[in-house]
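The next block holds one structure in the form of structure tokens; read it before the comments.
Throughout, read-outs are computed from the coordinates displayed, never taken from laboratory work. This one's a predicted model, so the numbers in the text were calculated from it and none came from an experiment. Glycine gets a Cβ as well: all are built from the backbone with ideal geometry, and neighbour counts include every protein chain shown.
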Amino acid sequence: MNAARADHAKPLPALTGLAGEFYRWCAQGELRFQRCEDCGRHRHVPRELCAHCASSKWVWARSSGRGMVFSWTDVVRPLHPAFAEDAPYAPVIVELDEGVRMLSRVVDCAAGELAIGMAVELVLTQVSDQVWLPYFRRSKD
């Protein structure tokens with residue numbers, strides 16, 4: 001977990017409902033995803049029903065925080081003005097060991113160094129008093 005607070009003048013996630021629960025786990029230093037108690041599949045983004053079996057029975061299961069770069073794109077002209085100074089940047093889709101994919105960023109890697117299949121690990125970053133965002137860095141293993 002990265003305890004250094006970032007200067008973050010960007011839109012923040014709403015801390016309500018199931019998304020709020022997800023971000024509260026991050027603030028506690030844990031990446032957790034919903035896991036269906038009937039079929040065992042993990043899911044993200046959080047929602048009431050399993051997309052695979054329609055079960056409403058689930059738990060918050062801790063993630064290993066390990067995964068790989070599944071895909072990315074190069075953003076050279078951001079659509080939101082808060083990201084203008086960051087351009088160019090590369091949002092990535094990380095496929096975690098649990099099978100879920102999430103949009104994030106790799107903080108220690110320039111866009112030109114990204115590779116599909118690159119091993120990454122979680123680094124939680126505090127961006128406000130209440131919000132810790134799940135970012136990734138190249139895996140040390």
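In the chain, Cα pairs under 8 Å separated by at least six residues give a relative contact order of 26 percent.
So which cysteines in the chain don't have a second cysteine's C-beta under 4.7 Å from them? Lone cysteines by the Cβ rule: CYS26, CYS109. The slack between LEU15 and VAL76, meaning 0.36 nm per residue of separation minus the straight C-alpha distance, is 19.0 nm.
Simple spin-label estimate for ILE93 and ILE116 gives 1.0 nm between the two label positions (7 Å along the Cα-to-Cβ direction from each Cα).
Axis of helix 17-27 versus longest Cα principal axis of the chain: the two differ by about 60°, to the nearest ten degrees. A Stokes-Einstein calculation at 20 °C with viscosity 1.002 mPa s, built on the Kirkwood radius of segment 17-138 over Cα pairs, returns a diffusion coefficient of 140 µm²/s. From helices alone, the chain scores -2500 deg cm²/dmol at 222 nm; the rule is -39500 (n - 2.57) for each run of n ≥ 4 DSSP H residues, then divide by the residue total.
Step through the residues of segment 86-101 one at a time and calculate ³J(HN,Hα) from phi using the Karplus curve (6.51 cos²θ - 1.76 cosθ + 1.60, θ = phi - 60°), rounding each to whole Hz and writing x for Gly and Pro. My calculation for segment 86-101 gives 7, 5, x, 9, 10, x, 10, 9, 9, 9, 7, 4, 6, x, 7, 10 Hz in order. Between HIS8 and ASP38, the simple spin-label model (points 7 angstrom out along Cα→Cβ) gives 3.5 nm. The dipole here belongs to segment 33-141: it is taken about the Cα centre, uses +1 on the Cβ of Lys and Arg and -1 on the Cβ of Asp and Glu, and is about 260 debye. Sites counted here are GluC sites (Glu not before Pro) in a DSSP loop (not H, G, I, E or B) having no more than 14 other Cβ atoms within 10 Å; the longest part of the chain that contains none of them is 49-141.
Sequentially through segment 109-117, phi angles give Karplus couplings (6.51, -1.76, 1.60; θ = phi - 60°) of 8, 6, 3, x, 9, 5, 8, 4, x Hz, Gly and Pro residues having no value and appearing as x.
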